[in-house]
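Right, one structure below, let's go through it.
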Amino acid sequence: MIEGISVLEAVNLGKRYRRTWGLQDCTLTIPKGRVAALVGPNGSGKSTLLRMAAGLSQPSVGTLRVLGRSPSPGTDDLRERVGYLDQDRPLYKGFRVVEMLRFGEMNNPTWNMDVAKNHLARLDIPLRSRVSDLSGGQQAQVALTLCLSKQPELLLLDEPGAALDPVAREDLLRLLMRQVADSESSVVLSTHALSDVAAICDYVVVLAHTRVVLSDDTEYIVETHRILSIVDDRDLALPPGITVIHEQHNARGRSLLVRVELPFNDDRWRVDRPTLEEIVLAYLRAGSPHGDGRDVDETEDGAR
Amino acid sequence: MWVVWRQQRSIAAAFFLLAIVVSVWTLIMGLHEQTLWREFLSAPCKGNPGGLTASNLKDCQSLWSSVSSSGKLNEVVLGIGIAFAPLFGLILGVNAVAHEIEQKTIRLAWTQSGSRVRWLTNKYLGSVVLLVVILAPLCWLFSWWVGASHDAARITQKVFAISGFVEAACGIFCFALAVVIGLWIRRPGWSLAVAIVLFAAIFLGFTTEVLPNLGSPAVAVMQSTQLGKGSSSGFYSTGGAPANSWPLWTGFEPETEKTVPSHSLMNRLTTNMNRCQASETPSLTESFCAKQLGVTRILLYIPGNQFWTLQFLEGGFYLIAAALLAALSLFAVRKVKA
């Protein structure tokens, strides 16, 4: 893994769909060699970001660089190096599976047919089957096979596990991890499954209300967040250097999920280490790092 | 190119089968028509229904009846002939782009290693090859059929579009039209509907308003019988125009004039004639007024030897328009959102 080189870099990136923003003020850097997760509720801008990265749509404002290049319909060499799996998993329904593989082979100079056939054989997907006769999960696997067999440097996967059963999902996660390990490729995937994030991702980007609210290494994120609890002392002030991400009140007292930049030693608080899932949920609930989540029209644009 | 063939092959196969059925029917109709006319022309009335007399009535009437009734089936062949290529082109064009956009497979295609321009260029090349392969023999067959049943009139508006290669040019134009509309509307059904309406307007406009003005008309003095000699066509060259010509319109010109009159002169003389005939009750005869005003009734027609010139002009128009639409779509495809 080569540190310091990013596969995806956005600066003040924004995408506007008529009257609503699909993504705004997005500034982030995803380093090379990572499995990065984009996490956020529906309409938060995950798919918008991935589609812009795949060159399917253009930013309204800001800049986006993928593998050091600006993705656009004109950057031919970038398409060779990037694999994209759309959340709708579009496939030619009238084609047979083997014809879909031929489609991939004819359109990609870096195509590896052995990878494709071995992957589908492992999943017991017959090559002679028509795509329309396959289950949703099998179609998702064929779509993913098209992506992987292209052997890209960067995989952009929009909710890859959405249509998969638990076993297939587990297989997919293993496959992705192996892909990264074997080929030093990078993966950026969007997902709602926080357990997947914890299982395979080493970088997390949390989006809420079309904005990036958290973007960092998973280890660093876990190390810099704590759950502070206190009983019957609601007015106790927090020490400086702490940012409250989410606060919960109940009959037993207060519970805060906070970002801690400094070593925290205050005996009056009970300190717990949160899981990545708890941290992400806290950010999603808060809507922004300062807890000032605003009501934003989240109507999902069809093109998003 | 294989991908284009794979995507378009069911449509191509359907139209290929339809083309075979139409071809067989057209072949049968054409041969039948040729036989009928051969018999009618060799009958005592010499293929002229105006020449029916008591002596030849028995021989000629049934033949004339057969010739007339076969015309109705000819109309069906003609309708299919005119609609076949445009429909084929439009459906291929809609399937090539609008259907892909609706099915979202465009997101798959546009994230492969090839560029969008290459993707669309392949669509054009593959589909045009399919169109030409299926339409070229059909064009030849329709041309033969027009010769067999309408040979005295292959240049006329009615059969001109299926008498040469205009048919194939229309198919290619329709493909490009459907591609551009598909990129814009993004829905196959609506794209097809809009493209059909647009093409119908362009086709009718060109055929009725533009084409008659592209030929160099000639003048013939109208014959009193209004009927020429019968031909193997079932049509007659009216009013003295030579066979295989396209009669445009009739009017008047000064007796001394031998050149093609201007529209304004023809209109002015027609008005004068009408005024003359209506000047008395009962109205005066045309021949009397023509003599009084020193004019003669003429027929403007486009000679049959301009057939290929007009074919190249109309076919060229559709092919150039198709090339412009292709250029527009190749430019626009880079801007289209997936």
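Could you list, in sequence order, the residues of region A:9-32 that are within 14 Å of chain B (Cβ to nearest Cβ) and touching a Ser or Thr at 6+ places or on another chain (Cβ under 7 Å)? Let's see the steps before the verdict.
Pass one, region A:9-32, residues within 14 Å of chain B (Cβ to nearest Cβ): A:15-18, A:22.
Matches in region A:9-32: A:Lys15, A:Arg16, A:Gly22.
Condition test on B:Gly182, is it surrounded by fewer than 21 Cβ atoms within 10 Å (Cβ to Cβ) and part of a helix (DSSP H, G or I)? Please lay out each step first, then the result.
On the way: surrounded by fewer than 21 Cβ atoms within 10 Å (Cβ to Cβ): no; part of a helix (DSSP H, G or I): yes.
No: the conditions fail for B:Gly182.
Test of understanding: among A:Thr110, A:Thr63, which residue is of a type in the set (Val, Ile, Thr), part of a strand (DSSP E or B) and surrounded by fewer than 22 Cβ atoms within 10 Å (Cβ to Cβ)?
A:Thr63
Considering region B:190-214 alone, what residues qualify as being modelled with pLDDT of 95 or more and among the aliphatic types (A, V, I, L, M)?
The answer is B:Leu192, B:Ala193, B:Val194, B:Ala195, B:Ile196, B:Val197, B:Leu198, B:Ala200, B:Ala201, B:Ile202.
How many residues does region A:68-90 contain that are more than 12 Å from A:Leu156 (Cα to Cα), within 9 Å of another protein chain (Cβ to nearest Cβ) and not hydroxyl-bearing (Ser, Thr, Tyr)?
8
Which members of region B:108-126 meet the condition of being more than 10 Å from B:Met1 (Cα to Cα) and either hydrophobic (A, V, I, L, M, F, W, C) or at the interface with chain A (Cβ under 7 Å from one of its Cβ atoms) (or both)?
Here is the first cut: in region B:108-126, the residues more than 10 Å from B:Met1 (Cα to Cα) are B:108-118, B:120.
Matches in region B:108-126: B:Leu108, B:Ala109, B:Trp110, B:Thr111, B:Gln112, B:Ser113, B:Gly114, B:Ser115, B:Arg116, B:Val117, B:Leu120.
Filter region B:254-291 down to the residues that are polar (S, T, N, Q), more than 27 Å from B:Val210 (Cα to Cα) and surrounded by 14 or more Cβ atoms within 10 Å (Cβ to Cβ) and list them by number. Full working, then the answer.
Let us first name the residues in region B:254-291 that are polar (S, T, N, Q), namely B:256, B:259, B:262, B:264, B:267, B:270-272, B:274, B:277, B:279, B:281, B:283, B:285, B:287.
Imposing the further condition that a residue be more than 27 Å from B:Val210 (Cα to Cα) reduces the set to B:256, B:272, B:274, B:277, B:279, B:281, B:283, B:285, B:287.
The answer is B:Asn272, B:Gln277.
Could you tell me which numbered condition A:Val66 fails, if it satisfies all but one of (1) on the phi > 0 side of the Ramachandran plot; (2) in contact (Cβ under 8 Å) with a residue 60 or more places away in the chain?
A:Val66 satisfies all of (1) on the phi > 0 side of the Ramachandran plot; (2) in contact (Cβ under 8 Å) with a residue 60 or more places away in the chain except (1).
Does at least one position in region B:319-330 carry a residue that is assigned to a helix (DSSP H, G or I), within 14 Å of another protein chain (Cβ to nearest Cβ) and either at pLDDT 90 or above or within 26 Å of the chain's Cα centre (by Cα) (or both)? If you could, list the steps in order and put the result at the bottom.
Within region B:319-330, the first condition is being assigned to a helix (DSSP H, G or I), and the residues that meet it are B:319-330.
With the extra rule that they be within 14 Å of another protein chain (Cβ to nearest Cβ), the set shrinks to B:329-330.
Filter again for either at pLDDT 90 or above or within 26 Å of the chain's Cα centre (by Cα) (or both), leaving B:329-330.
Yes, the conditions are met somewhere in region B:319-330.
Quick one: A:Pro126 ticks every box in (1) surrounded by fewer than 18 Cβ atoms within 10 Å (Cβ to Cβ); (2) in a helix (DSSP H, G or I); (3) more than 9 Å from every other protein chain (Cβ to nearest Cβ) bar one, so which box is it?
Only one criterion in (1) surrounded by fewer than 18 Cβ atoms within 10 Å (Cβ to Cβ); (2) in a helix (DSSP H, G or I); (3) more than 9 Å from every other protein chain (Cβ to nearest Cβ) is unmet by A:Pro126, namely (2).
Taking A:Val35 as the residue in question, decide whether it is crowded, with 22+ Cβ neighbours inside 10 Å and either more than 14 Å from chain B (Cβ to nearest Cβ) or of a type in the set (Val, Ile, Thr) (or both).
Numbers: crowded, with 22+ Cβ neighbours inside 10 Å: yes; either more than 14 Å from chain B (Cβ to nearest Cβ) or of a type in the set (Val, Ile, Thr) (or both): yes.
Judged against the criteria, A:Val35 is a match.
Quick check on my filter: what residues within region B:72-98 are within 14 Å of chain A (Cβ to nearest Cβ) and surrounded by fewer than 20 Cβ atoms within 10 Å (Cβ to Cβ)? Steps first, answer last, please.
Just the residues of region B:72-98 that are within 14 Å of chain A (Cβ to nearest Cβ), to begin with: B:95-96.
None - no residue of region B:72-98 is within 14 Å of chain A (Cβ to nearest Cβ) and surrounded by fewer than 20 Cβ atoms within 10 Å (Cβ to Cβ), so the list stays empty.
I need every pair where a residue in region A:242-254 that is within 13 Å of A:Ile230 (Cβ to Cβ) has its Cβ under 6 Å from the Cβ of a residue that is surrounded by 16 or more Cβ atoms within 10 Å (Cβ to Cβ) and of a type in the set (S, T, N, Q), sequence separation at least 6 or different chains.
As it stands, the answer is A:Gln248/A:Ser255, since those pairs meet every condition given.
Listed here are the residues, each with its yes/no results for (1) without any contact (Cβ under 8 Å) to a residue 12 or more places away in the chain; (2) farther than 23 Å from A:Ile30 by Cα; (3) in contact with a Phe, Trp or Tyr (Cβ under 9 Å, 6 or more places away or on another chain).
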residue	(1), (2), (3)
A:Asn118	yes, yes, no
A:Leu123	no, yes, no
A:Ser129	no, yes, no
A:Leu144	no, no, no
A:Glu153	no, no, no
A:Val197	no, no, no
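Kindly check whether there is at least one residue in region B:203-212 that is in contact with a Leu (Cβ under 6 Å, 6 or more places away or on another chain) and either among the charged types (D, E, K, R) or buried (at least 19 other Cβ atoms within 10 Å of the Cβ) (or both). Don't jump to the end; show me each part of the working.
Start the filter on region B:203-212 by keeping residues that are in contact with a Leu (Cβ under 6 Å, 6 or more places away or on another chain), which leaves B:212.
In the following step, the residues that additionally are either among the charged types (D, E, K, R) or buried (at least 19 other Cβ atoms within 10 Å of the Cβ) (or both) were identified as none.
No; the residues of region B:203-212 include none that is in contact with a Leu (Cβ under 6 Å, 6 or more places away or on another chain) and either among the charged types (D, E, K, R) or buried (at least 19 other Cβ atoms within 10 Å of the Cβ) (or both).
Report, by residue number, each residue of region A:91-107 that is among the β-branched types (Val, Ile, Thr) and either surrounded by fewer than 20 Cβ atoms within 10 Å (Cβ to Cβ) or within 9 Å of chain B (Cβ to nearest Cβ) (or both). Explain how you work it out, then say what you get.
So in region A:91-107, the residues among the β-branched types (Val, Ile, Thr) come out as A:97-98.
A:Val98 - this is the single residue of region A:91-107 that is among the β-branched types (Val, Ile, Thr) and either surrounded by fewer than 20 Cβ atoms within 10 Å (Cβ to Cβ) or within 9 Å of chain B (Cβ to nearest Cβ) (or both).
From the list A:Leu256, A:Leu262, A:Leu175, A:Leu238, pick out the single residue that is modelled with pLDDT of 85 or more and more than 13 Å from the chain's Cα centre (by Cα). Walk me through it before giving the result.
Numbers: A:Leu262 fails: modelled with pLDDT of 85 or more; A:Leu175 fails: modelled with pLDDT of 85 or more; A:Leu238 fails: modelled with pLDDT of 85 or more.
Residue meeting the stated conditions: A:Leu256.
With the condition kept exactly as written, say whether any residue in region B:96-107 is among the hydroxyl-bearing types (Ser, Thr, Tyr) and over 18 Å from B:Trp2 (Cβ atoms). Spell out how you get there, then give the answer.
Narrowing region B:96-107 to residues among the hydroxyl-bearing types (Ser, Thr, Tyr): B:105.
If we keep only those that are over 18 Å from B:Trp2 (Cβ atoms) as well, we get none.
The answer is no; no qualifying residue exists.
The values are calculated or read from the model by the stated rules, or taken from the named source; none is laboratory data. As the structure is a computational prediction, the values presented were derived from the model and not from experiment. In this analysis, Cβ positions are derived from the backbone assuming ideal geometry, glycine residues included, and neighbour counts consider all displayed protein chains.
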